[in-house]
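*Asks:* One structure, as C-alpha cells, below. Some questions next.
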Amino acid sequence: MTTKKPTLIFDGDCGFCTSTANYIQKHSKTPLEIHPWQWIDLSEFGLLASDTSDRVYMVVDGQTYGGHEAFAQILRLQKNWLLSSIAFLMVVPPFCWLAKAGYALVARYRHKLPGGTPACKMPRN
C-alpha cells in the first residue's frame, strides 16, 4: 500500500479506536489515509500485527510514529500554531514523559471509554 498521504493505522476491532479515527478523519485539515490494521498489509509499513494491536501508528513521509508520537504527528499536520505547539511539547522532555504516560493510560483503559467495547481490552502481560 504505497501512499503519499500521511497514514493513520489503528485497531479496527476497538470501538473507541474506530470512533477516534473517524473523528480525526472528519476534522483533519490535512487529508489522511486511515486504515484499520486488520485490513492492510502491515509489512508495507514495516509493522507487525503484534505492534499494531495495542497502539496507533502514523506514517508520515516514510517515517513511522507510534503511540503518543503518532498523535503528535496528527496535531502537527493540522497547520495550526497552537496544535503544532502542543505537538512539539508532546515529543520533548519532560512533556513527552507525560504524553507517553497519558497515551498508555488511555490505551490500557480504552475498553471503558466512550465507544469502547470488551473487544477493545488489551491482554494483560
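*Asks:* Can you tally the net charge around residue 25? Count Lys and Arg as +1, Asp and Glu as -1, for every other residue whose Cβ sits under 12 Å from the Cβ of residue 25.
*Replies:* Neighbourhood net charge equals +2.
*Asks:* Then there is this: Taking 0.36 nm per residue of sequence separation and subtracting the Cα-Cα distance, how much length would be gained by fully extending the chain between residue 95 and residue 82, in nm to one decimal? Each step should come with its number before you reach the end.
*Replies:* Numbers: separation 13, 0.36 × 13 = 4.68 nm, distance 1.55 nm.
Extending this stretch completely gives an extra 3.1 nm.
*Asks:* Suppose each label sits 7 Å from its Cα in the direction of the beta carbon; what would the residue 44-residue 27 distance come out to in nanometres?
*Replies:* Here the modelled spin labels are 2.9 nm apart.
*Asks:* Something else: Mind checking the per residue accessible area of the chain for me, 1.4 Å probe, whole number of Å²? Mind showing how you got there, number by number?
*Replies:* On the way: 7730 Å² over 125 residues.
Accessible area per residue: 62 Å².
*Asks:* Out of the trypsin sites (Lys or Arg not before Pro) in the stretch 16-70, which ones are loop residues according to DSSP with at most 16 other C-beta atoms within 10 Å? Each step should come with its number before you reach the end.
*Replies:* Values: sites: 26, 29, 55; in loops: 29, 55.
When the trypsin sites (Lys or Arg not before Pro) of the stretch 16-70 are filtered for loop state and at most 16 Cβ neighbours within 10 Å, 29 remain.
*Asks:* Something else about it: Find the Cα radius of gyration of the chain, compare it with 2.2 N^0.38 Å by division, and give the number to two decimals.
*Replies:* Numbers: Rg = 13.9 Å, N = 125, 2.2 N^0.38 = 13.8 Å.
Compared with the compact-globule rule of thumb, the chain sits at 1.01.
*Asks:* Mind checking the log10 I(q)/I(0) for the stretch 1-58 at q = 0.12, 0.14, 0.26, 0.29 Å⁻¹? Debye, one equal scatterer per Cα, no solvent, two decimals.
*Replies:* Ignoring solvent entirely, the Cα scatterers give -0.25, -0.34, -1.12, -1.30.
*Asks:* With a 1.4 Å probe and all protein chains left in place, how much of the accessible area of the chain comes from carbon and sulfur atoms, in whole percent? Kindly include the intermediate steps, with their values, before the conclusion.
*Replies:* On the way: 4680 of 7730 Å².
Here it works out to 61 percent.
*Asks:* OK, next. In the structure displayed, which of 4/79; 5/112; 26/100 lie more than 29 Å apart, Cα to Cα? Could you put the intermediate results ahead of the total?
*Replies:* Numbers: 4/79 18 Å; 5/112 32 Å; 26/100 25 Å.
Correct reply: 5/112.
*Asks:* So what's the back-of-envelope 222 nm ellipticity for the chain, counting only DSSP H runs of four-plus at -39500 (n - 2.57) apiece and dividing by all residues, rounded to 500?
*Replies:* Numbers: 5 runs with 49 residues, N = 125.
Result for the chain: -11500 deg cm²/dmol, rounded to the nearest 500.
The values are calculated or read from the model by the stated rules, or taken from the named source; none is laboratory data. Note that the structure is a prediction, hence the values are computed from the model and not measured. Positions of Cβ are backbone-derived with ideal geometry, glycine not excepted, and every protein chain shown enters the neighbour counts. All accessible areas refer to the heavy atoms of the entire protein, side chains included, with ligands and DNA or RNA removed. Shrake-Rupley method; radii C 1.70, N 1.55, O 1.52, S 1.80 Å.
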